[in-house]
Amino acid sequence: MPDRSTIEAMARELEVLSDLQVAEMLMNYIDCTAAFDATTQDERHVNEIHITNSEVSLVAAVDEGGTALDYKNHLCDTVINLAEVYCFFRGGSFSDIHQHMIDNIANVMTDRCSTKYAAVELVNDLWKKQLVELNCHLHPLDSLASKTRAALKIDEKDHALTRKVFGHDCVAADVVLQFNKMRYKDGKGDPKGFVMFLTQSNLPKGLLPRYKGTGCMCCSTSLGSCTAFLFI
């Protein structure tokens, strides 16, 4: 095995090459879109930024933060970093390159959230331009989840399944939601107790995939696994 310092250096080199790839794309294409969204992972709120043109979508940065100021700083600092990386490898004036990158970003895309809207307004004020704000109309998994829940409700009636769980959705979706609440310490969850329950019940630990957030309440894979267990 390589030494830890070697692995860290290799990872850093890949990060720099990735930044250079995004910087070159942003320098060479007009009307680019900066898309950002956040989710909670292991009790941390993580934001990810993509730079997209008509051909490709590249990850520009991943960082923690959940306020409008955090999102604004993350996006603006990312563009500054890309300009610095481009200057280091290709040369040129930092101020000119930085401004050229800002000029090439014409749009910003995120979900319909007041915090994200406020972040975009802060970016507009700092960059002294008006970005075209695009919003996600519907998370693609939502449509899959709604169809899955509708199908499961029909199965529940056919099997005369008795409801003994909180919630107003189909039984399978409510069971998935309640079980997943147990997996996190930042609420009323009991992660160790959840794993012990699965083990004592001779159930695989991956029966219910982990999820957290509002993008999709229940994924079809979780619902399918849960329904198979309930109806056996």
Fill in: Check on A145, touching a Cys at 6+ places or on another chain (Cβ under 9 Å) and assigned by TED's automatic domain parsing to the domain that holds H168
yes
Worksheet item: Can you name every residue in region 148-169 that is out of contact with any Ser or Thr (no Cβ under 8 Å at 6 or more places or on another chain), touching a residue at least 40 places away in the same chain (Cβ under 8 Å) and either in a loop (DSSP other than H, G, I, E, B) or not charged (D, E, K, R) (or both)?
Response: H159, L161, D169
Fill in: Selection within region 87-106 - outside any helix (DSSP H, G or I), surrounded by fewer than 17 Cβ atoms within 10 Å (Cβ to Cβ) and modelled with pLDDT of 95 or more
S93, A106
Fill in: Exclusive hit being closer than 17 Å to V108 by Cα and either touching a Pro at 6+ places or on another chain (Cβ under 9 Å) or not assigned by TED's automatic domain parsing to the domain that holds K181 (or both), set A68, A83
A68
Item to complete: Among what's in region 108-141 and is at pLDDT 90 or above, outside any helix (DSSP H, G or I) and within 19 Å of the chain's Cα centre (by Cα), pick the residue that is surrounded by the fewest Cβ atoms within 10 Å (Cβ to Cβ).
Response: E133
Worksheet item: Taking region 48-66, which residues are polar (S, T, N, Q) and at pLDDT 90 or above?
Response: T52, N53, S57
Item to complete: Kindly list the number of the only condition in (1) out of contact with any helix residue (DSSP H, G or I) (no Cβ under 8 Å at 6 or more places or on another chain); (2) part of a helix (DSSP H, G or I) that fails for E84.
Response: (1)
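The values are calculated or read from the model by the stated rules, or taken from the named source; none is laboratory data. Bear in mind that the values here come from a model prediction, so they are computed numbers and not experimental data. Glycine gets a Cβ as well: all are built from the backbone with ideal geometry, and neighbour counts include every protein chain shown.
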